[in-house]
1. For the stretch 466-478, check the following and say yes or no: at least one residue is closer than 30 Å to Phe73 by Cβ and surrounded by 18 or more Cβ atoms within 10 Å (Cβ to Cβ).
2. Does any residue of the stretch 380-387 turn out to be modelled with pLDDT under 95, small (Gly, Ala, Ser), assigned to a helix (DSSP H, G or I) and buried (at least 24 other Cβ atoms within 10 Å of the Cβ)?
3. Report every pair of residues separated by at least 6 positions or lying on different chains whose Cβ atoms are under 7 Å apart, first residue within the stretch 49-73 and closer than 26 Å to Ile635 by Cα, second modelled with pLDDT of 95 or more and of a type in the set (D, E, K, R).
4. Taking strands (runs of 3 or more DSSP E) that do not extend beyond the stretch 1-103, which have at least 2 residues that are more than 30 Å from Glu440 (Cβ to Cβ)?
5. Tell me which strands (runs of 3 or more DSSP E) are completely within the stretch 244-320 and hold 1 or more residues being aliphatic (A, V, I, L, M), surrounded by 24 or more Cβ atoms within 10 Å (Cβ to Cβ) and in contact with a Phe, Trp or Tyr (Cβ under 8 Å, 6 or more places away or on another chain), or say none if there are none.
6. Kindly indicate whether His560 is surrounded by 24 or more Cβ atoms within 10 Å (Cβ to Cβ), modelled with pLDDT of 95 or more and not assigned by TED's automatic domain parsing to the domain that holds Pro124.
7. In the stretch 280-334, what residues are under 27 Å from the mean Cα position of the chain (by Cα), closer than 30 Å to Arg182 by Cα and polar (S, T, N, Q)?
8. Within the stretch 512-524, is even one residue under 24 Å from Leu45 (Cβ atoms) and assigned to a loop (DSSP other than H, G, I, E, B)?
Amino acid sequence: MSGKTLAHKILEGHLVDGKMEPGEEIGIKIDQTLTQDATGTMAYLEFEAMGIPRVRTDLSVSYVDHNTLQTDFRNADDHRYLQSIAARYGIVFSRPGNGICHQLHLERFGIPGKTLLGSDSHTPTGGGIGMIAIGAGGLDVAAAMAGEPFYLKMPEIVNVRLTGKLPPFVSAKDVILEVLRRIGVKGAVNKILEYTGPGVKTLSVPERATITNMGTETGATTSIFPSDEITREFMKAQGREKDWRPLAPDPDAEYDELIEINLSELEPLIALPHSPGNVKKVSEVEGIKVDQVAIGSCTNSSLRDLMVAAHLLDGRRVHNNVSLVISPGSRQVVLHLVKDGLFANFIKAGARILENACGPCIGMGQAPPTSGVSVRTFNRNFLGRSGTKSAQVYLSSVETAVACAVFGEITDPRKLGKYPGIKLPERFIIDDGMFIYPPEDGNRVEIVRGPNIKPLPDFEPLPEVITGKVLIKVGDNITTDHILPGGAKILPLRSNIPEISKYTFSVIDPEFYSRAKAEGGGLIVGGENYGQGSSREHAAIAPRYLGIRAVLVKSFARIHRANLINFGILPLLFDNPDDYEKIEQGDVLSIATKDVDSGKLVVKNEAKNCTINVHHDLSERELSMVKAGGKLTYIKEKNRR
């Protein structure tokens, strides 16, 4: 009998339903959950609706790191709501300014071998410490807090075997950019990327976390590194050695696929607009004038990253035509930079220091100038995500970002000279004062609701016939940023579905909302990898609120497919992808759902007088949710039985 992969071992230890065969639906027990404020407000409204008196996980943490720009009362009101909900239901609350959820969770709460479900697509950051950490929609996270299993298709396990050692000025960011260069933004859908090989030992936990974080952009369910002595050293330095345990695949583990990367052969890479998968060597695109550089985000805001940036900026000045902004990942990172005198390097170099939050990564401030070039150490560069639709956003390592800031143009970081020696502290500065732990009994806690917090709309069951116009037809790799944008203007509306729905598809079709309202709903047609990117369930809730009952595409991204199901939207796939060409925006389609149990349906295109065969790949459980009108109704009905 062949050995087991690390991912198999952890999933098997948490399996509560299904068979662990690729493509089969499995249900796993969730040990920990995390939310952030942009998705968390809705997740907790959903949790409240379930009527559960207290969370049933080992640990649930509510982080505030997205909607921290307070231009009016709405974000501040959401934060008060989140704090009161946390106290009421037994959740740890991380105050605004404490740091970015993934960085903080890695530092203070991540445990090798545990499962973590987060209402943020970059939750796989936890794989850097040996967790099965998965991003999901808020309703799935709310269900996990209520003690429900998390269901997913059993992924294939891909062995990413690392050999060699990274050369100077080549970093972990270049490793994941190399993976993206090879397999693209949908090459790991329904797969887990498991890192093995002698090269693993050369990477610190923060470097591993950078790789697992941005593995999300490949479409992967999650990514994971073994828990070894390097993991132990990190956890010991965090004062959490008691939570460490060694975890590794069996020596004879069998994988579904193999990717081999020799770290010694890598060179600095960069992702060009407007996709994380559009990767080139930095040396191939040198010389492009740069207007802005941003260092931070959950991908590259660790102490290791900012120590590198601070040392490289020592004695240097930011180019006169460049704005450099720094977003530290946590208060712990800042405290170390101040203690070691490195924080001053940023100030002297002319950098602008932002708070410990996501900030520019989700369009919350620092939008580039018109048609500006922004080089960012972030994980996404989708069209318009920065807040400036005409901007050209590039994704790079910290080393490359510093070189761009200093020289004023895209520059190979090896031109900076000698690479600094970086050593993480043997003991991190530990100050958990901005975590608020819940009382033992939260029944007397009053939940605070601002006027912008609206209850979830009621959604009716699946009708016998879905009829309506195609309200929009889109191409391949449509992101949740296209469907429901972020940014400083829209993010504060996350707890108000009627208001936020007005921005549905506004990035690519400003008339969509008015058209959907005039028609009273309809259908959406798309291409490959529809719904890639963020876990934001609002990209499903808002269309559902506007009357969308079915989406017809060539293929779905994992999280968005789950979110459509959670809110009663039927996700349909063309039998023949070429039939995509037989439908145009404005065509009236009709779908009889009486055969929905068979998985095969026929779409009548009234405008073209033709029929198109489609199918769904829903499990019996998922189909029951769609029929009921969504997961919330399904759970309520199940609990009443």
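The values are calculated or read from the model by the stated rules, or taken from the named source; none is laboratory data. Only a predicted model underlies this, so the values are computations on that prediction, with no experimental measurement involved. Virtual Cβ from ideal backbone geometry, glycine too; neighbours counted across all protein chains shown.
1. Taking the stretch 466-478 as the starting set, the residues that turn out to be closer than 30 Å to Phe73 by Cβ are none.
No, the stretch 466-478 contains no residue that is closer than 30 Å to Phe73 by Cβ and surrounded by 18 or more Cβ atoms within 10 Å (Cβ to Cβ).
2. Initially, the stretch 380-387 is screened for residues modelled with pLDDT under 95, giving 380-387.
Imposing the further condition that a residue be small (Gly, Ala, Ser) reduces the set to 384, 386-387.
Narrowing further to those that are assigned to a helix (DSSP H, G or I): none.
The answer is no; no qualifying residue exists.
3. So the pair list comes out as Thr57/Asp31; Asp58/Asp31.
4. Values: elements: 15-17, 25-28, 32-36, 59-63, 92-94.
Of the strands (runs of 3 or more DSSP E) lying wholly inside the stretch 1-103, those with at least 2 residues that are more than 30 Å from Glu440 (Cβ to Cβ) span 15-17, 25-28.
5. Working: elements: 257-262, 269-271, 279-281, 292-295.
Answer list for the stretch 244-320: 269-271, 292-295.
6. When the stated conditions are applied, His560 passes them.
7. Hits for the stretch 280-334 are Gln292, Ser297, Thr299, Asn300, Ser301, Ser302, Ser327.
8. Looking only at the stretch 512-524, we keep the residues that are under 24 Å from Leu45 (Cβ atoms), and these are 513, 516-517, 521.
With the extra rule that they be assigned to a loop (DSSP other than H, G, I, E, B), the set shrinks to 521.
Yes: the stretch 512-524 contains one or more residues that are under 24 Å from Leu45 (Cβ atoms) and assigned to a loop (DSSP other than H, G, I, E, B).
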